[in-house]
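The values are calculated or read from the model by the stated rules, or taken from the named source; none is laboratory data. Values in this document were obtained by computation on a predicted structure and should not be read as measured data. Counting neighbours? That spans all protein chains shown, and the Cβs are built from the backbone with ideal geometry, glycine included. In case anyone asks, the SASA skips ligands and DNA or RNA and just uses the protein heavy atoms, side chains included. Shrake-Rupley method; radii C 1.70, N 1.55, O 1.52, S 1.80 Å.
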Amino acid sequence: MRHPPPFPVRRALAALLTAALAALVPFTAAVPARAVAAPSPPSRAATVSGAGYWHTDGRRILDTQNQPVRMAGVNWFGFETANYVPHGLWSRDYKSMVDQMKTLGYNTIRLPYSDDIFKGTQPNGITYAGGLNADLQGLNSLQVMDKIVGYAGSVGLKVVLDRHRPDSSAQSALWYTSAVPETTWITDLKALAARYLGNTAVIGIDLHNEPHDPACWGCGDTSTDWRLAAERAGNAVLSVNPDLLIFVEGVQTVNGQSNWWGGNLAGVATAPVRLSVADRLVYSAHDYATSVAQQPWFSDPSFPANMPAIWDKNWGYIFKQNIAPVWLGEFGTTLQSTVDQKWLAALVDYLRPTSTYGADSFNWTFWSWNPNSGDTGGILKDDWQTVDTVKDGYLAGIKAPGFAGGGGADTTPPSTPTGLAATGTTASSVSLSWRASTDDTGVAGYDVYRGTAKVGQVTGTSFTDTGLTAGTRYDYTVRARDAAGNTSPASAPVTATTAGTGGGSSGCTASYKVSSDWGSGFNADVTVTNTGSSTTRSWQVTWEWAGNQTVSGMWNASYSQVGRTVTAANAAHNGAIAAGASTGFGFSAAPGGAGTPVLNCRAG
């Protein structure tokens, strides 16, 4: 398969940056109306899901109450351009725009941005005439983002923040450029994670838009291996806000086979992304029609019957094999050709109708809400008011119920817990207490974290963490949670060390094997075996490096590292090990050449 040709710069559109745009005159590309009847919208479930932060379970996304959710939304671009704000606000109030999305049955907004907005950029392209957008006057771009996120959350829409470009000039093949290095990328991602900590309207971050050649997947070159970069960035985000979903797009080419930019996730089969917090990973693909670029599969004699196999190979298998949720973060077309109409109909069917499958389906955000995407157009027509009912109608069957929210929805998190203290320790436990938080509707409970792993959920202001290793240091924080799922910022951390001298094993053993070592780093696998006579409830493995190695990411376990000492604890799904059985976890660390440390295992 040939590489896709360079795409027209649909997300940067030079026309959007012209003097006409600066003068607040929207781009007006004529899109002929289509006389096609729109399908009826799907019925809405009586129970509204989507409360709080979300997590994953196999191929499903679940809310804080473990109800399955389906993201079914739109891309609203503009923050990533030289306007530094979503487009269309030169014509309308932002609240009316969000209200219209909700009225049409969309429940999620993907907001593209560039790293320029962290430089205090002032948006241009907003009208204040007649009282429109009055509360945006004088705000910088990030403050405008706060307003849009806040209002979206108040009416029951969720937001995914999409790092679309390093700067407002153009997309980049890799996640960094000479002007915006990886350190800046990660710093800005962490800043966003911290900015919206406790704001459950923001359910995740799309780490980088459309990596493409020379970006690779699993090649091991840290300068081009997108999978490794996504792990570094994803873990950095989770270190600040461990409740966010991490959206990881594909690349262009894997094993010589090419697809759309960001749309090739074939490498996941042998090299999955490994994050330090379990159940936070969502894979994201992009797919387009001929109005964006011609591809060989469109001229295949069997088209469109050939398309499901192509989608299966590139990203659909991840969902179908229950590996992880899949989000089609971008797909779109002008619908002006018969081929494109057949493509969209086939794709909508592939994404699984909500009436048949409910939330056990692919998630998606259509490109785009904006009409001024030159090679796709949008849900809105060029007046930024009128809905393209034909395009919207194609999507009706895969729309999904809105999320918890509404005009009076509670979006205010509780206050931060204070006074966290270790009130007692034994060789295998740490007892904690803290002062109660306050909330406008009442605190529902508290989440206790050991490092980045949630180890307890209580309604009172004390907790005892058990099954620990003797003579080991542990770091704890606590966050308050209200009934709507809003969570407070983390408390100030407290450190406690269990009694005793450590060492030895109790109820389990652990073996260690280096799976790959490339000098500057390495991967290792650890097997944990239950040596007791009953099923374990939990386990913990500790070791001390002989050198200066640092763990950069761990999968199937949570971890903390203090100096040379690493403590790994079971994930939620593998704490129970039957007598004589085994489970495992793995990690990445640097530098290489670490040798084999002595492992201590303790089962709870």
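Collect residues whose amide H, placed 1.01 Å from N in the peptide plane, falls under 5 Å from the amide H of D167; neighbours closer than 5 in sequence don't count.
Answer set, sorted by chain and number: D115.
On a full-extension model of 0.36 nm per residue, what is the gain between Q457 and A179, subtracting their alpha-carbon distance, rounded to one decimal in nm?
95.7 nm
Computed FRET efficiency, Cβ-Cβ of F118 and A427, R0 45 Å: what is it to the nearest 0.05?
E(calc), rounded to 0.05, equals 0.45.
May I ask you to give the percent of accessible area on the stretch 423-532 that is carbon plus sulfur, with a probe radius of 1.4 Å?
So the carbon and sulfur contribution to the accessible surface is 50 percent.
Name the long-range amide H neighbours of G532: under 5 Å, sequence gap of 5 or more, or other chain; modelled H, no Pro or chain starts.
Here the answer is G580, since their amide H atoms fall under 5 Å of that of G532.
Any of K190/K454; K95/K119; K158/K513; K147/K320; K102/K313 with alpha carbons more than 31 Å apart? Name them for me.
Exceeds cut-off: K158/K513; K147/K320; K102/K313.
Which aspartates and glutamates does K381 reach when only Cα atoms under 20 Å apart count, and residues fewer than 8 places away in its own chain are ignored?
The qualifying aspartates and glutamates are D93, D99, E330, D340, D392.
With +1 assigned to the C-beta of every Lys and Arg and -1 to the C-beta of every Asp and Glu, and no other charges, what is the dipole magnitude of the chain about the Cα centre in debye, to the nearest 20?
780
At 15 angstrom or more along the helix axis (alpha-carbon based) and mean Kyte-Doolittle of -1.0 or higher, what helices does the chain contain? Whole DSSP H runs only.
Qualifying helices, which must be both long enough and hydrophobic enough, are 141-154, 182-195, 226-240, 338-350.
Karplus couplings for the stretch 281-291 from phi (6.51 cos²θ - 1.76 cosθ + 1.60, θ = phi - 60°), rounded to Hz, Gly and Pro as x?
The phi angles translate into 9, 10, 8, 10, 10, 10, 8, 9, 10, 5, 5 Hz.
Per residue, how large is the accessible surface of the chain? Use a 1.4 angstrom probe and give square angstrom.
With all protein chains present, the chain gives 35 Å² per residue.
What's the FRET efficiency of D440 with T495 using the Cβ-Cβ distance as r and R₀ = 30 Å, to the nearest 0.05?
With a Förster radius of 30 Å, E is 0.40.
Quick check: pseudo-label points 7 Å beyond the Cα along Cα→Cβ at A579 and Q143, how many nm apart are they?
Taking the simple label geometry, A579 and Q143 are separated by 6.6 nm.
Can you tell me the length gained on complete extension of the stretch K513 to K320, counting 0.36 nm per residue apart and subtracting the Cα distance?
66.4 nm
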